[in-house]
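> Below you will find the structure I want to go over with you.
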Amino acid sequence: MARMMTLARSIALLGLGAVVGGCAAKQAPPVQHYALGMSRAEYRDYSGAKASPCDAEPRWFQDELTAVNGLLARFIKETDQALDPKGPEHPKHLALLEEGLRTLPPVLKVHEANLQALKACDFRRTGAFPDLAQRGATLLTEARDLMALGPQIQAATALREAQKQWREQGPAREATARETWCPKPIKVGQPDLYFARLSPEGRTEWFFCDGHVVEKSGDAEPSLLSPEGLSKADRRRVQAKKYLDAALAYPAEEVDREPTAATLQKPAAPEGGSAAEGTP
């Protein structure tokens, strides 16, 4: 009798061990925490842990899909002005998009795998799962489309900032060039050219130390503009052709011009540059 009770107890323990072992084999992967801006979400990487969400508690899996869907929806909504540089929230939305570009791709990959795995679950057509699956697929596409535009948006923003800086620092660049290249004393009639600038509207100006400026717009012929207050004696010293020749001989690559997308990709030129002198 005692032997039979011992055998029964052993069988019971073996059965319990098998149950516990089976539960351990189907143990859900650990919860991962993700933050993007002010949004938070918790999810599990079932595929990465070689597990199946079909073995998970459906309510937990539903909550995880809901959380990531909600985070993606907020991300898309709170980055819509990243495409609009005039939008009042543009800087904030652009910053969130840049954060998403850095940190969101692994989450998208896991979310896509979880939604794909849901298709094999017995509970896929129950409760909120059908809506979660459809909504999740749409959000994944929208988020990836938005992030695909991210580098272009960043490049356009960098270009606008560079152009703004170019306009703001223009007077300082001109003053530095004048101080660097103009002889002392300055002689009227001596076409010492110290700076040239091409405006975004297509007007080129060449600046001379004695105050003269050669100006050319588009395909029009260049013209010489004299400073006000020149005496008759100074006017007689001015030979327009020398100024025009000096302007046209100025190296095109040294003309100060607004940055473009192409120039931003090139190494920055050293400040100061060089100036071309006309022939006396």
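The values are calculated or read from the model by the stated rules, or taken from the named source; none is laboratory data. What you are looking at is a predicted structure, and each value in this text was computed from that prediction instead of being measured. FYI the Cβ positions are ideal-geometry reconstructions off the backbone, even for glycines, and counts take in every protein chain you see. Areas reflect the complete protein model, heavy atoms only, side chains present, ligands, DNA and RNA absent. Shrake-Rupley method; radii C 1.70, N 1.55, O 1.52, S 1.80 Å.
> Output the residue which, of all residues in the stretch 36-49 that are surrounded by 13 or more Cβ atoms within 10 Å (Cβ to Cβ) and small (Gly, Ala, Ser), is nearest to residue 100 (Cα to Cα).
37
> Moving on. Please enumerate the residues belonging to the stretch 79-93 that are open to solvent by 80 Å² or more (accessible area, probe 1.4 Å) and more than 20 Å from residue 143 (Cβ to Cβ). Talk me through it step by step, then tell me what you get.
The initial filter retains those residues of the stretch 79-93 that are open to solvent by 80 Å² or more (accessible area, probe 1.4 Å), namely 80, 83, 86, 88, 91-92.
86, 88, 91 - these are the residues of the stretch 79-93 that are open to solvent by 80 Å² or more (accessible area, probe 1.4 Å) and more than 20 Å from residue 143 (Cβ to Cβ).
> Tell me, yes or no, whether the stretch 216-235 has at least one residue that is modelled with pLDDT of 95 or more, under 21 Å from residue 166 (Cβ atoms) and not small (Gly, Ala, Ser).
Looking for residues that are modelled with pLDDT of 95 or more, under 21 Å from residue 166 (Cβ atoms) and not small (Gly, Ala, Ser), one finds at least one in the stretch 216-235, hence yes.
Residues are listed down the side, and each one gets a yes or a no for (1) touching a Leu at 6+ places or on another chain (Cβ under 8 Å); (2) in contact (Cβ under 8 Å) with a residue 12 or more places away in the chain:
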site: 224; (1), (2): yes, yes
site: 228; (1), (2): no, no
site: 234; (1), (2): no, yes
site: 240; (1), (2): yes, yes
site: 243; (1), (2): yes, yes
site: 248; (1), (2): no, yes
site: 252; (1), (2): no, no
site: 255; (1), (2): yes, yes
site: 262; (1), (2): no, no
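> Report, by residue number, each residue of the stretch 63-111 that is acidic (Asp, Glu) and free of Cβ contacts under 8 Å to residues at least 40 places away in the same chain.
Our first condition is that a residue be acidic (Asp, Glu); within the stretch 63-111, this holds for 63-64, 78, 80, 84, 89, 98-99.
Answer for the stretch 63-111, where residues must be acidic (Asp, Glu) and free of Cβ contacts under 8 Å to residues at least 40 places away in the same chain: 63, 80, 84, 89.
> Need at least 1 residues that are polar (S, T, N, Q), modelled with pLDDT of 90 or more and touching a Pro at 6+ places or on another chain (Cβ under 9 Å) per element, so show me which helices (runs of 4 or more DSSP H) inside the stretch 66-160 make the cut, counting only ones lying wholly within it.
Details: elements: 90-103, 105-118, 129-148.
It comes to 105-118.
> Follow-up. Look at residue 96 and say whether it is under 15 Å from residue 133 (Cβ atoms), under 20 Å from the mean Cα position of the chain (by Cα) and among the aliphatic types (A, V, I, L, M).
On the way: under 15 Å from residue 133 (Cβ atoms): no; under 20 Å from the mean Cα position of the chain (by Cα): yes; among the aliphatic types (A, V, I, L, M): yes.
Judged against the criteria, residue 96 is not a match.
> In addition: Could you please find all residues in the stretch 94-109 being open to solvent by less than 20 Å² (accessible area, probe 1.4 Å) and more than 13 Å from residue 143 (Cβ to Cβ)?
94
> Across the stretch 198-222, what is the number of residues that are crowded, with 17+ Cβ neighbours inside 10 Å and touching a residue at least 60 places away in the same chain (Cβ under 8 Å)?
Looking only at that region, the number is 1.
> Spot the failing condition for residue 33; the list is (1) surrounded by 14 or more Cβ atoms within 10 Å (Cβ to Cβ); (2) at pLDDT 95 or above, and only one is missed.
Single failed check for residue 33: (1).
> Output yes when any residue across the stretch 150-166 is touching a Cys at 6+ places or on another chain (Cβ under 8 Å) and surrounded by 15 or more Cβ atoms within 10 Å (Cβ to Cβ), and no when none is.
Just the residues of the stretch 150-166 that are touching a Cys at 6+ places or on another chain (Cβ under 8 Å), to begin with: none.
There is no residue in the stretch 150-166 that is touching a Cys at 6+ places or on another chain (Cβ under 8 Å) and surrounded by 15 or more Cβ atoms within 10 Å (Cβ to Cβ).
> Please enumerate the residues belonging to the stretch 57-81 that are of a type in the set (A, V, I, L, M, F, W, C) and under 16 Å from residue 38 (Cβ atoms).
Step one: of the stretch 57-81, the residues of a type in the set (A, V, I, L, M, F, W, C) are 60-61, 65, 67-68, 71-73, 75-76.
Answer for the stretch 57-81, where residues must be of a type in the set (A, V, I, L, M, F, W, C) and under 16 Å from residue 38 (Cβ atoms): 67, 68, 71, 72, 73, 75, 76.
> Residues in the stretch 50-78 that are among the aromatic types (Phe, Trp, Tyr), over 25 Å from residue 154 (Cα atoms) and surrounded by 20 or more Cβ atoms within 10 Å (Cβ to Cβ): how many? It would help to see each step written out before you state the result.
Quick first cut of the stretch 50-78, residues among the aromatic types (Phe, Trp, Tyr) only: 60-61, 75.
Then drop every residue that is not over 25 Å from residue 154 (Cα atoms), which leaves 60-61.
From what is left, the residues that are surrounded by 20 or more Cβ atoms within 10 Å (Cβ to Cβ) are 61.
Qualifying residue count for the region: 1.
> Something else about it: Any residue in the stretch 247-257 that is more than 29 Å from residue 152 (Cα to Cα), open to solvent by less than 40 Å² (accessible area, probe 1.4 Å), modelled with pLDDT of 95 or more and touching a Cys at 6+ places or on another chain (Cβ under 7 Å)?
no
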